[in-house]
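The values are calculated or read from the model by the stated rules, or taken from the named source; none is laboratory data. In this text, all values refer to a predicted model and were calculated from it rather than measured experimentally. Cβ sites come from the backbone with ideal geometry, for glycine too, and all protein chains shown count toward neighbours. Keep in mind that these areas ignore ligands, DNA and RNA; they rest on the heavy atoms of the full protein, side chains included. Shrake-Rupley method; radii C 1.70, N 1.55, O 1.52, S 1.80 Å.
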Amino acid sequence: SSVPYAFSESFPALTLGTWTYIFQGILVAALMILRKKFVPTYLFSFVVGFAFSKMLDVYKTALAGLTMGIGYQIVYFIVSYLVGIALSNRCGLPIIPTDLFPREMADILKVPYSRVKITFDVTCLAVTAGLTFCFLGHIKGLGIGTILAAFTMGKVIGMIGNILDRHFRFVSFLTERSKSAV
């Protein structure tokens with residue numbers, strides 16, 4: 001979310017939520033162009049991302065009320081890092097486009113997910129740094145957690161995914177239903 005954040009800080013006429021769904025829409029469109037076809041499940045991802053984006057604006061004040069001491073920040077980081085993204089990537093449900101994009105790009109390019117995820121995240125860091133530096137005169141929105149996650153999350157998600165794959169089998173209910181109908 002650092003790129004939409006950078007846009008919202010650099011061009012505050014639109015909210016963070018609005019910039020987020022614009023960015024996510026671009027990612028979904030790029031995936032369909034790369035696939036050279038319309039992919040309906042990508043639209044579900046966009047709907048999830050749109051809801052996420054709107055909730056950013058709706059709950060902005062509530063999120064500001066979270067306890068933000070360093071210990072809490074570490075807990076928030078670990079929970080989202082280890083559980084949230086790794087599990088959502090494996091379960092096959094629509095995920096927000098910023099998580100969908102690297103997963104699908106790995107499939108399109110036939111390269112390991114971790115490589116695509118780290119490249120995507122580091123590119124987002126560079127765009128955020130460049131955008132905020134150019135328009136605000138200083139780099140904004142890149143804390144230590146964001147930087148650490150960008151360089152490590154792809155590898156960690158891949159490792160956690162492999163652990164999940166050994167203990168769980170995630171299937172789409174649509175796939176299972178169509179198999180049982182045959």
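So, in region 151-169, exactly how many residues are outside any helix (DSSP H, G or I) and open to solvent by less than 30 Å² (accessible area, probe 1.4 Å)?
0
Do we have any residue at all in region 120-135 that's open to solvent by 60 Å² or more (accessible area, probe 1.4 Å) and charged (D, E, K, R)?
Within region 120-135 (the criterion being open to solvent by 60 Å² or more (accessible area, probe 1.4 Å) and charged (D, E, K, R)), the answer is no, since none of the residues qualifies.
Which fully enclosed helices (runs of 4 or more DSSP H) of region 10-111 have 3 or more residues being modelled with pLDDT of 90 or more and under 12 Å from the mean Cα position of the chain (by Cα)?
It comes to 16-35, 97-109.
Could you list, in sequence order, the residues of region 23-45 that are open to solvent by 60 Å² or more (accessible area, probe 1.4 Å) and at negative phi? Even if it seems obvious, please write down each step before you answer.
We begin by selecting, within region 23-45, every residue open to solvent by 60 Å² or more (accessible area, probe 1.4 Å); these are 26, 33-38, 40-41, 43-44.
Listed by number, the residues that qualify are I26, I33, L34, R35, K37, F38, P40, T41, L43, F44.
Which one of these does L148 not meet: (1) modelled with pLDDT of 90 or more; (2) in a helix (DSSP H, G or I); (3) of a type in the set (A, V, I, L, M, F, W, C)?
(1)
State all residues of region 136-145 that are part of a helix (DSSP H, G or I) and surrounded by 15 or more Cβ atoms within 10 Å (Cβ to Cβ); if no residue qualifies, say none.
Result: G145, single match.
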